[in-house]
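We did not get these values from a lab; they are worked out from the coordinates using the rules stated. In this text, all values refer to a predicted model and were calculated from it rather than measured experimentally. Note: ideal-geometry Cβ built from the backbone for every residue, glycine included; neighbour counts use all protein chains shown.
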């Protein structure tokens with residue numbers, strides 16, 4: 001008798017992706033803050049289009065809704081936690097591995113940024129893309145994972161078609 005192969009359900013895949021995202025996000029921030037001491041050494045020019053700079057984001061995506069008060073900070077933290085719980089519940093009920101993957105990216109990124117907000121009062125952003133006078137906002141790995149997760153969810157909802165079983169005896173597929 002052989003052993004049962006491990007089943008990689010969408011929820012397990014999403015949880016794994018979320019955990020990897022969270023660990024890489026927090027590790028990158030820890031390295032830059034504690035070992036590289038980016039606050040003292042910035043900007044760090046990586047190449048002609050990418051720099052490492054420290055930005056304390058007290059708002060949400062793209063720096064919107066900046067919150068300098070403790071109440072605002074905890075409100076954003078509470079919203080992050082509520083959204084993450086919703087994503088995790090959705091992940092438990094999905095039957096699609098790509099959707100589980102995307103939800104894992106979103107949840108891992110949201111948890112990473114929530115940890116920053118709780119620990120530092122702001123999200124640690126550090127990656128700056130620019131080219132020929134054009135400058136993109138400063139972001140982190142959690143933000144990149146969230147954008148990728150949203151892209152997967154959009155693709156899933158707009159492009160993929162789910163085959164729905166007929167709901168009645170007279171209905172055709």
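Would you kindly state how much longer the chain becomes between residue 158 and residue 40 on full extension, computed as 0.36 nm times their sequence separation minus their alpha carbon distance, in nm to one decimal?
Net length gain for the segment: 38.0 nm.
On a full-extension model of 0.36 nm per residue, what is the gain between residue 85 and residue 56, subtracting their alpha-carbon distance, rounded to one decimal in nm?
Fully extending the segment from residue 85 to residue 56 adds 7.9 nm.
For the stretch 10-158, count all C-alpha to C-alpha pairs, find those more than 26 Å apart, and express that count as a whole percent of the total.
So the pairs more than 26 Å apart make up 28 percent of the total in the stretch 10-158.
Say a paramagnetic label sat at a point 7 Å from the Cα of residue 70, along Cα to Cβ; which residues of the stretch 97-124 have their backbone N under 17 Å from it?
Taking a point 7 Å out along Cα→Cβ of residue 70, the residues of the stretch 97-124 whose backbone N falls under 17 Å are 117-122.
Which peptide among 76-87, 92-103, 126-137 comes first, and what is the full order, when sorted by highest mean count of other Cβ atoms within 10 Å?
Highest mean packing first, the order is 92-103, 76-87, 126-137.
Label residue 47 and residue 148 with points 7 Å out from Cα along Cα→Cβ: what is the distance between them in nm?
Going from the residue 47 label point to the residue 148 one covers 1.8 nm.
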